[in-house]
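Okay, structure first, notes after.
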Amino acid sequence: MKRVILAGATDGIGKALAELHASKGYWVAILGRDPAKLDALLGGLSSRFPAATLRGVVCDFRDNSRLGPAFDEAVRAIGHCDQFVYVAGIMHATDGVTSVPEDDAEMFQVNTVAAVQLLGIAGNYFRLAGKGQLVGISSIAGDRGRKLNPAYCASKAGLTTYLEGLRNRLHPFGVQVVTVKPGFVLTKMIAGRSGVFWAASPEEAAATIDRRVDKGHEVFYVYRRWGILGLILRHIPRFVFKRVGPP
Amino acid sequence: MTALELVQGFGLYNFSLSDVHRPRTVEEVQALVARFKSEGRPYVCRGAGRSYGPVATHPGGAVIDFSLLNNAVSLDAESGVMKLQAGATIGDLWRYAVPRGFWPPVVPGTMFVTMGGAVSANIHGKNHYKRGSFCEHLEAITAAGPGGELIRIPKDDPRLEEFVAAYGARGPIVEIELGMKRIETGYFDVEGFTLPSLSETLAAFESGKETWEYQVAWIDCYPSGADLGRSAVHVANHTPAGEIPAGKGFDLADQEVPGTIAGIVPKGLLAQVLALFTFDLGMHAVNTGKFWAGKLLGHTRYRQPLVHFNFLLDSIPDWRRAYRPLGFIQYQIFVPKERGLDVLTEAIKLQHRLGVVSYLGVLKRHRADRFRNAYTPEGYSLALDFPVTRSNSAALIQLCRTYDRLVAEAGGKVYRAKDCVGSFERSQEFLALRT
C-alpha cells in the first residue's frame, strides 16, 4: 500500500529499491535524469509487476529549478507519498592528489545541494501530513574526511549532518528520518575499483534498507560490521588518521 | 505561494496537500469557478470528506470545500420537495425534516455526508434494492456552469446525468431539490437475528426483499469452513401510526444519539477504547463476541428511532482515530446476484489465504441503477474495512488487486467513492480493453 518516490533510481541501489517496491504491488514514482533510461526501466518493471503503479518523472539533479516541480509532479502521479528516498549520488574518480574543481562541485550538487532541497521539500510535505518516511542514502565516506576523495566525503558528511538536523526537526510531527550508510555495494560507482570488501549486491542492500526503515531504525549500515568499522574510523585520532588513515 | 493544508480521505490513508477555498455563499462559489476558469486551474469539489478514498483530494491543487454552504433552504409540505444547499449534511436535513414529518428516501450509514457529495457519488443505503440510489429521488439540481453562471437542471433534463456520480467533474452543485418520504412516526420496527453462513444470509435477503424496507448484514470475516460468512442481520420497516401515536418521535430529542454509553461512559473515549482492539487478534475477538452476543439474544424485535438505526457508526465520534497513523481502507465488492455466493465466498477465502482479514464486513442488497455512471448491478455488495499497517501493506495491496480481477471477471462494479487503491482507474482500463 506504500506510495514511494525514489530520487535517482535508474541504477544501483535505487533501481533495486524500485524493483522491490514494484514486486510488492506498491506505487513507485522515479525521478531520473535520462528519459530513455527511465522509460526502459518502467516498461520492464510494469510488464513484470502488473499490480504495481509505476510512474517516471524526468529530473536532472544538477538543475535546482527543476527539483520542486519534479517532486510535485511525482506526488500527483501516484496520488500521495508515504516514503521519499533520495538515492541519487555520484563519485568522480580522482588521481588521489589533484583536486578537479568541476568534478568536486558536481558531486556537491548531486550528493548534497539537490539532496538537501528535495529532502527538505519532502519533509515539509510529511510535516503537514503528520506522517511519512524520509530516507537519505549517505555514505560511510561521510564519517571521516579521506585523502582519496575529500569532496565526496565532505558531500556525504553534509548530507549526514543535514539528515540528523531534519530528524530532530521533524520528530515531533511523526515523521521518520533515516540515514543509510550502505558500505560497499556492487554498483557502477565502485566498478573496477580495487580494495573492495564486504560488498553487498544492490538487491541485498535494497531489501535491508526497506526492512530496517519499516522497523523504525534511524541510522544504519547495510551490514552491521560496517557500523563497527565506522565507529572505529570516527574515533581514530587525527594525527594517526593523517598518516595512516585509509584512502 | 498559497498555503497548502492537509486534506484527507475518510480512511486517512489517502490525502493531499491542497489550496483549500471555503465559500460561504453561492455568489462566492460562482466567483471562484469563474476565477479558476480564467486562470485555467483545475479544481476538486469537496463536501464533508466522507469518501474513503482520494476523490475529494487534489495533490498540490485547488479544492473548493462546501462545508460552509450548508443551509437547509425550504421544505414544501405539499409536494414533499426539500431544497438544500450543497454543503448541508444528512444531519442538517433530518433535523429540519423529521419534525415536519419527512425522512430522506435514501440515507447512507453516516449522517455526515453532504448533499453535493451525495449526488456526486450517487450514494446508496440499506434500502437500495427497494428505493434505488440517492439521485433517483432528485427533483432538480442547481449547478455552477463553466463560467460560474447558475443552471437549474430538473430531473427529466438529460444534463442531470452529467452530474450523477461524476465527482464534481462537471462543476460544482450548489443546491439540490430532493423528493422526500412522508413518515407517520419517527421510529423503525427492527428485527435482529444471526445466521450461520453466507448462503443463508443471501437467502434471507431474497426472502426479506418484499417484506422489509431496509436490510443489512454484518459479516464476520474470520471463520472459515461451514461458518464462513456467518452474519448478524438487521431488517426494518417504518413504524406506522396506530401502533404508536402519529407524530411520535418527531421531537429531535427522541432522535439525537445520547452523549454517553449506558448513561456513564463518555462517547469521546470510545475511539480510544476501540484503538485497544484494532489489531488482528483484538478484532477477531470483537467479531466473534458480536456474533455470539447476537446468537444468544436470538431473534429480537424492537422499536428504534430512525437516526439510531441508520447512523450506527456515528455514535462513536471520530472512530477512525483508532486507525492512526496509517489509516484504513475500504474495498466494496459489487457483484451480480447470480454470482453473489461464489464471488463473495471466494472474497472471504482470499482474505484467509493472504492473511489479511477484514475488521468489518457489511453486506447489502442492490438493484440495477438507471444512470450512466451506475456502479450497482442487480445483486449484492460486500463492504470490507481493512487497517493499513506496515506489516500488512504488501498482502493488502495483493488482496485488492486480486479483488480487482475477481470483480471484473464476475461482471461486477467498482464504486469510486469507496476506492482507495486505484481500482476504479484499473476497471476503466479493463473495460476499454474489452470494447
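The values are calculated or read from the model by the stated rules, or taken from the named source; none is laboratory data. Source: prediction; values computed, not measured. Heads up, the Cβs are rebuilt from the backbone with ideal geometry, glycines too, and the neighbour counts pull from every protein chain shown.
Among the residues of the stretch B:200-211, some residue qualifies, meaning at least one is buried (at least 16 other Cβ atoms within 10 Å of the Cβ) and in contact with a Ser or Thr (Cβ under 9 Å, 6 or more places away or on another chain).
Residue-wise test of (1) touching a His at 6+ places or on another chain (Cβ under 6 Å); (2) of a type outside the set (K, R); (3) surrounded by fewer than 16 Cβ atoms within 10 Å (Cβ to Cβ); (4) within 14 Å of chain A (Cβ to nearest Cβ).
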{"residue": "B:D19", "(1), (2), (3), (4)": "no, yes, no, yes"}
{"residue": "B:P23", "(1), (2), (3), (4)": "no, yes, no, no"}
{"residue": "B:G40", "(1), (2), (3), (4)": "no, yes, yes, no"}
{"residue": "B:C45", "(1), (2), (3), (4)": "no, yes, no, no"}
{"residue": "B:V55", "(1), (2), (3), (4)": "no, yes, no, yes"}
{"residue": "B:S74", "(1), (2), (3), (4)": "no, yes, yes, no"}
{"residue": "B:I90", "(1), (2), (3), (4)": "no, yes, no, no"}
{"residue": "B:L93", "(1), (2), (3), (4)": "no, yes, no, no"}
{"residue": "B:T110", "(1), (2), (3), (4)": "no, yes, no, no"}
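Among the residues of the stretch A:147-162, those identified as in a helix (DSSP H, G or I), farther than 15 Å from A:F84 by Cβ and not hydroxyl-bearing (S, T, Y) are A:P150, A:A151, A:C153, A:A154, A:K156, A:A157, A:G158. Residue count for the stretch A:86-101, restricted to those that are touching a His at 6+ places or on another chain (Cβ under 9 Å) and modelled with pLDDT under 95: 0. Among the residues of the stretch B:381-418, just one is farther than 24 Å from B:L431 by Cα and more than 13 Å from chain A (Cβ to nearest Cβ), namely B:D385.
Any residue at all in the stretch A:47-56 that's in a loop (DSSP other than H, G, I, E, B), touching a Pro at 6+ places or on another chain (Cβ under 9 Å), surrounded by fewer than 24 Cβ atoms within 10 Å (Cβ to Cβ) and not hydroxyl-bearing (S, T, Y)? No - not one qualifying residue is present in the stretch A:47-56.
One line per residue, one yes/no per condition, for (1) assigned by TED's automatic domain parsing to the domain that holds B:F112; (2) assigned to a loop (DSSP other than H, G, I, E, B):
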position: B:R24; (1), (2): no, yes
position: B:S38; (1), (2): no, no
position: B:E78; (1), (2): yes, yes
position: B:R95; (1), (2): yes, no
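Sort through B:A97, B:A86 and tell me the only one that's modelled with pLDDT of 95 or more, under 18 Å from the mean Cα position of the chain (by Cα) and surrounded by 22 or more Cβ atoms within 10 Å (Cβ to Cβ). So the residue among B:A97, B:A86 that is modelled with pLDDT of 95 or more, under 18 Å from the mean Cα position of the chain (by Cα) and surrounded by 22 or more Cβ atoms within 10 Å (Cβ to Cβ) is B:A86. Taken over the stretch B:377-387, residues that are in contact with a strand residue (DSSP E or B) (Cβ under 6 Å, 6 or more places away or on another chain) and surrounded by fewer than 24 Cβ atoms within 10 Å (Cβ to Cβ) amount to 4.
A:M1 passes every criterion in (1) out of contact with any Lys or Arg (no Cβ under 8 Å at 6 or more places or on another chain); (2) within 14 Å of chain B (Cβ to nearest Cβ); (3) not in a loop (DSSP other than H, G, I, E, B) apart from (3). Pick from the stretch B:325-373 the residues that are of a type in the set (A, V, I, L, M, F, W, C) and in a loop (DSSP other than H, G, I, E, B): which of them is farthest from B:A383 (Cα to Cα)? The selected residue is B:F371.
Is at least one residue of the stretch B:60-71 out of contact with any His (no Cβ under 7 Å at 6 or more places or on another chain), more than 22 Å from B:A169 (Cβ to Cβ) and not in a loop (DSSP other than H, G, I, E, B)? Scanning the stretch B:60-71 turns up no residue that is out of contact with any His (no Cβ under 7 Å at 6 or more places or on another chain), more than 22 Å from B:A169 (Cβ to Cβ) and not in a loop (DSSP other than H, G, I, E, B).
Taking the stretch B:224-323 and the helices (runs of 4 or more DSSP H) fully enclosed by it, the elements with 2 or more residues that are in contact (Cβ under 8 Å) with a residue 60 or more places away in the chain are at B:252-255, B:280-297, B:306-310. Among the residues of the stretch B:163-188, the ones that are at pLDDT 95 or above, surrounded by fewer than 20 Cβ atoms within 10 Å (Cβ to Cβ) and over 21 Å from the mean Cα position of the chain (by Cα) come to 2 in all.
Look at A:Q83 and say whether it is crowded, with 22+ Cβ neighbours inside 10 Å and closer than 24 Å to B:I397 by Cα. Yes. Within the stretch A:122-134, no residue that is farther than 15 Å from A:V178 by Cα and more than 10 Å from chain B (Cβ to nearest Cβ) sits with its Cβ atom under 7 Å from a residue that is crowded, with 20+ Cβ neighbours inside 10 Å and modelled with pLDDT under 95 at 6+ positions apart or across chains. One residue is enough: does the stretch B:118-140 have a residue meeting the conditions assigned to a strand (DSSP E or B), buried (at least 20 other Cβ atoms within 10 Å of the Cβ) and in contact with a Leu (Cβ under 7 Å, 6 or more places away or on another chain)? Taking every residue of the stretch B:118-140 in turn, at least one turns out to be assigned to a strand (DSSP E or B), buried (at least 20 other Cβ atoms within 10 Å of the Cβ) and in contact with a Leu (Cβ under 7 Å, 6 or more places away or on another chain).
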